Amino acid sequence: MMKKILGYPLMALALTACVTINIYFPAAAAEEAARTIVRDVLKGDRPEQPAPATQGDKQSQMMQANPMLVAVGLMLERLVPAAHAAQADININTPGISAIRASMQRRQSSLAPFYQSGAIGFDATGSVSIRDLNAAPLADRNRLKKLVADENADRAKLYSEIARANGHPEWAADVRATFAKVWVQEALPGYWYEAGGGWKKR
C-alpha cells in the first residue's frame, strides 16, 4: 500500500519533468518569423529583389550541373521525411501582431530618412536608438524623438505579443534577442546598426 501511495507523486513528478524538458524556445522558427516581419516592415524602403527561381528552374539547373547528385537527392527526399513537419513553429498571424506590424510599416517611411542620415540606427537590444541627433534638421528633432519612442513602444509590444500568442510569455526576452540580430542582418544599405559596442554603417 505504501509503495502505491509513494508511486503516484513519483509518477506525477516524472510527467512534469517530461513536460518541462519539451518546452524550449524554438530559435530557428523564431528567427524565420522575425525575418518575415522585419522584411515586411522594411520593404517600403527596400529595392526590388529579382524574382526567385522556380522549382522547375532549380531542378533544370541541377540536372545540367550533375545528374548523379540529382538522382541521389531525389532518393533521399523519398527516404527522409520532411524535417519541417517536425520542427516547432511560431505563430505571428494574430490580430494583435498584425496591428502592431501595420503600425510599424506606416512609420517606416517617416523613419527611413533618419536611418539614412545616421541620426538613428538599430541598437543591440532590438530597439531604435538616436545615434546622432545633429544629423537631423533642427526643426525635425522633436518629431524624430517621438517617432523613435513610438517605434520602440511598438517593438516592445510586438516581442511580448509574439511570446504571449505562442503560449509562453517568458519567451519575450528570447524573442527580443532574436529580433535584435535579425534587424541588424536585414539593415538596408546606408542604415546604421550597433555592433561590438560601437556603430557601423551598412
How many percent of Cα pairs in segment 83-202 exceed 23 Å?
-> 34 percent
Please list the radius of gyration and Dmax for segment 113-164, considering alpha-carbon atoms only, with Å as the unit.
-> 12.1, 40
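Of all the accessible heavy-atom surface of segment 158-202, with the other protein chains kept in place and a 1.4 Å probe, what percent is carbon and sulfur? Working shown, then result.
Values: 1060 of 2090 Å².
Looking at segment 158-202 in its full context, I get 51 percent from C and S.
The values are calculated or read from the model by the stated rules, or taken from the named source; none is laboratory data. Computed from a predicted structure; not experimentally measured. Note: accessible area is taken over every heavy atom of the protein model, side chains too, but ligands, DNA and RNA are not part of it. Shrake-Rupley method; radii C 1.70, N 1.55, O 1.52, S 1.80 Å.
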